[in-house]
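Notes to accompany the following structure.
The values are calculated or read from the model by the stated rules, or taken from the named source; none is laboratory data. It should be emphasised that the depicted structure is a prediction, and the values quoted were computed from it without experimental measurement. Note that we place each Cβ from the backbone using ideal geometry, even for glycine, and neighbour counts take in every protein chain shown.
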Amino acid sequence: MTKRNIIDTFLFSEPFEKDLLLAKLSSESPGVSRWVIVENAYTFQGEQKGNCLAAIINEDERFEPFRERIEVISCDIKFPPIDPHKDPDQQGIEAEHRQRQQAYMSLTKVCAEDDWVVISDTDEIVDCSDPSRLELLHRHIDRSRTGMLPLPRIRYWYDFDNLWPMRRSTPIVAAKRLFTSEETIGWYRLKTIGRPTRWAEELVFEYSFCFSLDWIIRKYETFTHPGFELSEIKNAIRCNRTPVAERQRLSISLDESFWLRPVTLSAQNSPTYIREHLEDLKTNVVPSDFATHRRTSFPELFNPAAQLRHRLGKLSPRHLRRLARRLKQSRESW
């Protein structure tokens, strides 16, 4: 098995991401040779915020072990304000792709032909601290015939032990393919992130909106998909679910994509760094009685009849036939 160099390129927004950045660098350090990080003086909605990453890395001694392997690209791209008459998500995605592409020239200078490039975010950690995960990654790279892989990713939302049960992926691309294709860095990202992927082990761990309430709100105001109202964000946290904006026209159901749940962290579902620093990292923004808030906010969903219908709806025809036979046998035994 050939072990190639891995470079991770990602975006950084504001100082509230500092602890996530440290967790990412610490967990990736055994397997990532270099990080190319892009920040911009403007948000995706065109608000000026300034650049801060170089100062954070240089002034905080916790980043000292990683400094020589970090390249910070500080941009000054003024994105236009979101036009309410056009698709706000598409406008945000275009701004994000433009910012990501600023890493291209730096990547051509630091990457050899056989290197591979992860296209991630600050809150996405490729866990290279676990030797078995790192070996699994290199095995898949060795077997790749396309020069592109979707790395399996699980996501925690609002807190570091608050799981979203769906699966997504993070792209890793061969440098040779990245530099010879006509596709942008953002294109590879967009093509891959929504794909549910499973390997023998989890590889990427995302900690989405794992901040204090004020910073969660700030993140929603400035990230790629604008348009969430403050009440929508607070109600989502109160019920421990994913946020739904009115403009999305989604009907909240018992589908698992809407609902988050606390879990006990283990070596299978989290990097060592997160478990060792969980007490300091935890946000505790989700109320302990979120189940009560769910029942009061969505009585049409969280009642025994609705939940039974939901469970039955997930059964295959074979299981339904088996259940019907058992019910028939029970009636006959009466």
- Message: Against the definition (assigned to a helix (DSSP H, G or I), under 30 Å from the mean Cα position of the chain (by Cα), modelled with pLDDT under 95 and not hydroxyl-bearing (Ser, Thr, Tyr)), how does ARG311 come out, yes or no?
- Response: yes
- Item | helices (runs of 4 or more DSSP H) within the range 229-302 that include 2 or more residues among the polar types (S, T, N, Q) and touching a helix residue (DSSP H, G or I) at 6+ places or on another chain (Cβ under 6 Å) | none
- Note on the structure: Within the range 124-134, of all residues that are in contact with a Lys or Arg (Cβ under 9 Å, 6 or more places away or on another chain) and either of a type outside the set (Val, Ile, Thr) or part of a loop (DSSP other than H, G, I, E, B) (or both), the one farthest from SER13 (Cα to Cα) is LEU134
- Message: What are the pairs with Cβ atoms under 8 angstrom where one residue, in the range 56-70, is free of Cβ contacts under 8 Å to residues at least 24 places away in the same chain and the other, located anywhere, is in a strand (DSSP E or B) and surrounded by 10 or more Cβ atoms within 10 Å (Cβ to Cβ)? Sequence gap at least six, or different chains.
- Response: ILE57/ILE70; ILE57/VAL72
- Just to be sure, is LEU178 touching a residue at least 12 places away in the same chain (Cβ under 8 Å), surrounded by fewer than 19 Cβ atoms within 10 Å (Cβ to Cβ) and either within 21 Å of LEU11 (Cβ to Cβ) or among the hydrophobic types (A, V, I, L, M, F, W, C) (or both)? no
- Task: Could you tell me whether any residue of the range 199-207 is part of a helix (DSSP H, G or I) and not acidic (Asp, Glu)?
- Result: no
- Message: I'm told PRO80 meets every condition in (1) at pLDDT 95 or above; (2) in a loop (DSSP other than H, G, I, E, B) except one. Can you identify the failing condition by its number?
- Response: (1)
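Residue-wise test of (1) among the acidic types (Asp, Glu); (2) out of contact with any Asp or Glu (no Cβ under 7 Å at 6 or more places or on another chain); (3) modelled with pLDDT of 95 or more; (4) more than 16 Å from ARG155 (Cα to Cα).
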site	(1), (2), (3), (4)
ARG247	no, yes, no, yes
SER251	no, yes, no, yes
ASP255	yes, yes, no, yes
PRO271	no, no, yes, no
HIS293	no, yes, yes, yes
- Query: Is at least one residue of the range 89-106 part of a loop (DSSP other than H, G, I, E, B) and crowded, with 18+ Cβ neighbours inside 10 Å?
  - Reply: no
- Give me the pairs: first residue in the range 132-151 and within 16 Å of THR170 (Cα to Cα), second residue part of a loop (DSSP other than H, G, I, E, B) and modelled with pLDDT of 95 or more, beta-carbon distance under 6 Å, and six or more apart or on different chains, which are they? ARG133/ASP127; ARG133/LEU203; LEU134/GLY31; LEU134/CYS128; LEU151/LEU203
- Query: From the list GLU17, GLU71, GLU61, which residue is acidic (Asp, Glu), farther than 22 Å from PRO171 by Cβ and either in contact with a Cys (Cβ under 6 Å, 6 or more places away or on another chain) or at pLDDT 95 or above (or both)?
  - Reply: GLU61
- Message: So in the range 38-77, with the set limited to residues that are among the polar types (S, T, N, Q) and in a loop (DSSP other than H, G, I, E, B), which one is farthest from TYR220 (Cα to Cα)?
- Response: ASN51
- For the range 191-216, what are the residues that are at pLDDT below 95 and more than 12 Å from SER169 (Cβ to Cβ)? ALA200, GLU201
- Go through PHE209, PHE205, PHE223, PHE179 for me and flag whichever is in contact with a Cys (Cβ under 9 Å, 6 or more places away or on another chain) and among the aromatic types (Phe, Trp, Tyr). PHE179
- Among the numbered criteria (1) in a helix (DSSP H, G or I); (2) under 25 Å from GLN102 (Cβ atoms), which single criterion is violated by ASP142? (2)
